[in-house]
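The block underneath contains the structure these notes are about, expressed in structure tokens.
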Amino acid sequence: MIERHWRFFPIWYVERQVAGRDALLWRQEILVNAAFDLLAVLAALNRLYFTRFQLKRMRKLVGRMRLAPPDLAGRLERLVADGEGAVPELERLVAETQALVAAELPDLELRLRQPVGARREPWD
């Protein structure tokens, strides 16, 4: 489940290009999908049942997670509600989740299309 849901679109990598393209709905879709994938990865890491279908009681689910980034529920809610700070917050949550998985399952190698911290260079 962790490998299956470790599929984050690296929006931090292309954020500068996306910002000027009037792509609000697409950006929100990326953030919502990332929030669901983070929950799925962390639920699997904590050996908890998770389905995104009609997700209810997210705070209760997150409260049962022994391994999770601090204030996960609040941060996920802000992720999909906050305009400016959403992409950097997603990047931090992905990095923190990757560290939790690495500490708990050191033999599991999780790769990203573009690593946290990477940015696409502007064209000349």
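Structural remarks
- Here the relative contact order of the range 2-104, from alpha carbon pairs under 8 Å that lie six or more residues apart, stands at 31 percent.
- Lys, Arg +1 and Asp, Glu -1 on Cβ, resulting dipole of the range 2-104 about Cα centre, debye, nearest 20: 540 debye
- Rounded tilt (10° steps) of 72-81 against the dominant C-alpha axis of the chain: 30 degrees
- Rounded tilt (10° steps) of 24-45 against the dominant C-alpha axis of the chain: 30 degrees
- Think of the chain as a dipole: +1 on every Lys or Arg Cβ, -1 on every Asp or Glu Cβ, centred on the Cα centre; then among 110, 62, 24, 62 lies furthest on the positive end.
- Ratio of the Cα radius of gyration of the chain to 2.2 N^0.38 Å, where N counts its residues: 1.06
- The angle between the Cα long axis of helix 86-104 and the main principal axis of the chain comes to about 40°, on a 0 to 90 degree scale.
Laboratory data are not the source of any read-out in this text; all were calculated from the coordinates shown. The shown structure was predicted, so the numbers you read here are calculated from the model rather than taken from an experiment. Cβ coordinates were reconstructed from backbone atoms using ideal geometry, including for glycine residues, and neighbour counts include every protein chain displayed.
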